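**Student:** Take this structure first; my questions come after.
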Amino acid sequence: MPSRSALAHQEVGARAIGALQSWLLREVAKFVKLGGCVNYSTCSLETEENQAIAAGFRERVPGVSLEAERQITPFIDGVDGAYAVCLVRAAEGQVNCGEAASPWHS
């Protein structure tokens with residue numbers, strides 16, 4: 001069984017990875033045109049790295065919808081675990097939530 005120290009280190013690492021993934025998604029989204037999409041994917045089964053990142057992005061950025069989402073699991077699909085989501089930027093009008101707060105730049 002891992003020590004408390006090892007478990008604490010893993011928890012801090014998982015939070016850091018989630019923060020990095022959120023930042024990467026916001027940075028890439030800056031280059032998406034109206035009506036375009038961002039495909040976000042991981043090689044992870046962890047909700048914190050997958051659905052939580054996509055949901056957090058949609059909550060913070062107006063005008064984003066989820067077009068498709070897929071979780072691949074070893075016990076169902078017979079391959080390593082993975083996650084993918086297609087997030088679409090609204091096609092009409094400029095999202096008005098401020099340059100600093102919005103990853104959408106036209």
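**Student:** In debye to the nearest 20, how big a dipole does the range 4-89 give about its Cα centre with +1 on each Lys and Arg Cβ and -1 on each Asp and Glu Cβ?
**Tutor:** 420 debye
**Student:** Spin-label point model (7 Å from Cα, Cβ direction): what's the R58 to A19 distance in nm?
**Tutor:** 2.6 nm
**Student:** Same structure again: Calculate, for D77 and S41, the FRET efficiency according to 1/(1 + (r/R0)^6) with r their C-beta to C-beta distance and R0 22 Å; round to the nearest 0.05.
**Tutor:** Details: r = 14 Å, r/R0 = 0.65.
According to the calculation, E is roughly 0.95.
**Student:** I've got another one for you. Can you tell me the mean projection area, over all orientations, of the convex hull of the range 4-89's alpha carbons? Units nm², please.
**Tutor:** Values: hull surface 25.4 nm².
Its average projected convex-hull area is 6.4 nm².
None of the figures in this text is laboratory data; all of them are computed from the coordinates on show. The model shown is predicted, which means the values in this text are computed figures rather than measured ones. Glycine gets a Cβ as well: all are built from the backbone with ideal geometry, and neighbour counts include every protein chain shown.
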